[in-house]
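Novice: Before we start, here is the structure in question, set down as structure tokens.
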Amino acid sequence: MNLSRRTILALLTTAGLATFAVTPASAGQKEGEKLKLLIIDGQNNHDWKATTPVLKSFLEKTGRFDVSVATTPPQGASKEDWGSFQPEFKDFDVVLSNYNGELWPERVQESLVEYVSGGGGLAIVHAANNAFPQWEEWNRMIGLGWRGADFGERVTLNDAGEVVRTPKGEGPGAGHGPQHEFAVVIRDREHAITKGLPAEWMHAKDELYHGQRGPAQNMHILATAFSGNNCGGTGTHEPMVWWIPYGKGRVFTTVMGHADYSMKCVGFQTITARGAEWAATGKVTLPVPERFPTAEKTSVAE
Ligand code: ZN
């Protein structure tokens with residue numbers, strides 16, 4: 001009697017905890033309610049102290065997000081200091097990484113995997129895809145990262161818009177030429193994130209990533225940019241924006257957003273906010289602003 005009662009209690013507790021742990025905040029969300037978004041920063045070879053406020057500001061200005069920030073300890077911090085880094089992913093609808101630094105403690109890695117596979121949203125901005133080459137599930141979530149040519153496959157589009165997969169070890173690894181303004185080409189104009197955007201638009205000065213490498217499974221490429229040989233590039237169409245399903249969750253990536261001035265591009269802001277909304281809910285309600293850049297002209301947010 002006692003034993004079976006204990007067993008039932010244990011089962012109930014386990015089931016309760018499991019449900020609690022893997023259900024993201026959006027599960028019980030009402031229409032029009034703000035989405036809870038968590039930015040992670042704290043280490044980056046980029047100026048995260050300048051870019052996190054830009055991200056927070058334009059996301060909040062949409063009226064769609066409540067933005068919180070979780071900052072990791074600095075590089076070289078002690079194990080004890082890392083002990084205080086315990087983001088409660090499950091309390092958020094979407095997690096946005098502006099982090100490129102030391103590997104998180106295993107409990108945080110496991111917590112993120114559980115969160116995204118359980119239906120949570122993850123958004124990756126620029127150098128966030130440089131992080132964690134040694135973390136296998138992270139590589140699966142992001143698809144392509146800033147890695148050497150030997151790390152994994154490369155994915156590009158040819159002039160006909162067809163996906164070309166280059167085996168590992170062949171062709172260039174991750175890199176970029178000097179920063180410049182460049183044209184972004186929308187490759188899926190029916191997807192909720194990109195619907196209503198011009199087929200092509202000029203992005204503000206940024207690094208044009210090329211040669212990204214990884215497992216690249218289930219990648220849905222939403223936008224590319226032509227990486228010109230005359231701009232230190234590869235002479236082909238490199239993925240700029242994509243998404244990947246991971247369990248019940250969605251991972252949105254944009255490799256644009258090197259610096260605060262790149263993030264002030266109305267195109268970057270629109271696609272990042274819509275990508276985050278979609279990662280959180282599977283829907284997009286955010287409109288395309290009138291000031292969206294055109295094929296000829298960049299547009300910088302006020
Ligand atoms: Zn950069």
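Novice: Read through the list (1) within 16 Å of the ligand (Cβ to nearest atom); (2) outside any loop (DSSP other than H, G, I, E, B); (3) closer than 28 Å to residue 94 by Cα, then give the number of the only condition that residue 155 fails.
Specialist: Among (1) within 16 Å of the ligand (Cβ to nearest atom); (2) outside any loop (DSSP other than H, G, I, E, B); (3) closer than 28 Å to residue 94 by Cα, the lone unmet condition for residue 155 is (1).
Novice: Right, next: Go through segment 275-293 and give me each residue that's closer than 18 Å to residue 54 by Cα and either assigned to a helix (DSSP H, G or I) or in contact with a His (Cβ under 8 Å, 6 or more places away or on another chain) (or both).
Specialist: Correct list: 275, 276, 277.
Novice: Please give the number of the condition residue 108 fails out of (1) over 21 Å from residue 134 (Cβ atoms); (2) more than 17 Å from the chain's Cα centre (by Cα).
Specialist: (1)
Novice: Give the residue, chosen from 211, 175, that is among the small types (Gly, Ala, Ser), within 16 Å of the ligand (Cβ to nearest atom), surrounded by fewer than 21 Cβ atoms within 10 Å (Cβ to Cβ) and farther than 30 Å from residue 287 by Cα.
Specialist: Of the residues listed, the single one that is among the small types (Gly, Ala, Ser), within 16 Å of the ligand (Cβ to nearest atom), surrounded by fewer than 21 Cβ atoms within 10 Å (Cβ to Cβ) and farther than 30 Å from residue 287 by Cα is 175.
Novice: Return a yes/no flag: does segment 183-204 have any residue that is within 16 Å of the ligand (Cβ to nearest atom) and open to solvent by 50 Å² or more (accessible area, probe 1.4 Å).
Specialist: no
Novice: Evaluate segment 279-293: report whether one residue or more is in contact (Cβ under 8 Å) with a residue 12 or more places away in the chain, closer than 29 Å to residue 140 by Cβ and surrounded by 24 or more Cβ atoms within 10 Å (Cβ to Cβ).
Specialist: So far as segment 279-293 goes, yes, one or more of its residues are in contact (Cβ under 8 Å) with a residue 12 or more places away in the chain, closer than 29 Å to residue 140 by Cβ and surrounded by 24 or more Cβ atoms within 10 Å (Cβ to Cβ).
Novice: Within segment 101-112, is there a residue that is surrounded by fewer than 22 Cβ atoms within 10 Å (Cβ to Cβ), within 16 Å of the ligand (Cβ to nearest atom) and not β-branched (Val, Ile, Thr)?
Specialist: yes
Novice: What tally of residues in segment 113-145 results from selecting those that are open to solvent by less than 10 Å² (accessible area, probe 1.4 Å), outside any helix (DSSP H, G or I) and without any contact (Cβ under 8 Å) to a residue 60 or more places away in the chain?
Specialist: 2
Novice: From the set of residues in segment 43-97 that are more than 16 Å from the ligand (Cβ to nearest atom), aromatic (Phe, Trp, Tyr) and open to solvent by 20 Å² or more (accessible area, probe 1.4 Å), which is farthest from residue 245 (Cα to Cα)?
Specialist: The extreme case among them is 82.
Novice: Here is a further query. I'd like the residue in segment 227-276 that is of a type in the set (Phe, Trp, Tyr) and away from the ligand (no atom under 16 Å from the Cβ) and, out of all such residues, is most open to solvent (accessible area, probe 1.4 Å).
Specialist: Applying the filter and picking the extreme gives 243.
Novice: Within segment 166-274, which strands (runs of 3 or more DSSP E) (wholly inside it) include 1 or more residues that are farther than 22 Å from residue 135 by Cα?
Specialist: Filter on segment 166-274 gives 180-186, 200-206, 220-227, 236-246.
Novice: Is there any pair linking a residue in segment 38-51 that is touching a residue at least 60 places away in the same chain (Cβ under 8 Å) to one that is within 12 Å of the ligand (Cβ to nearest atom) and in a strand (DSSP E or B), with Cβ under 9 Å and at least six apart or on different chains, and which?
Specialist: Every condition considered, the pairs that remain are 51/125.
Novice: Then there's this: When you go through 63, 76, 101 one by one, which is the residue that is in contact with a Lys or Arg (Cβ under 9 Å, 6 or more places away or on another chain), more than 22 Å from residue 117 (Cα to Cα) and assigned to a loop (DSSP other than H, G, I, E, B)?
Specialist: Result of the check over 63, 76, 101: 63.
The values are calculated or read from the model by the stated rules, or taken from the named source; none is laboratory data. This one's a predicted model, so the numbers in the text were calculated from it and none came from an experiment. Every residue, glycine among them, receives a Cβ derived from its backbone with ideal geometry; neighbour counts consider all protein chains shown. Side chains are part of the model used for accessible areas, which takes the heavy atoms of the whole protein and leaves out ligands, DNA and RNA. Shrake-Rupley method; radii C 1.70, N 1.55, O 1.52, S 1.80 Å.
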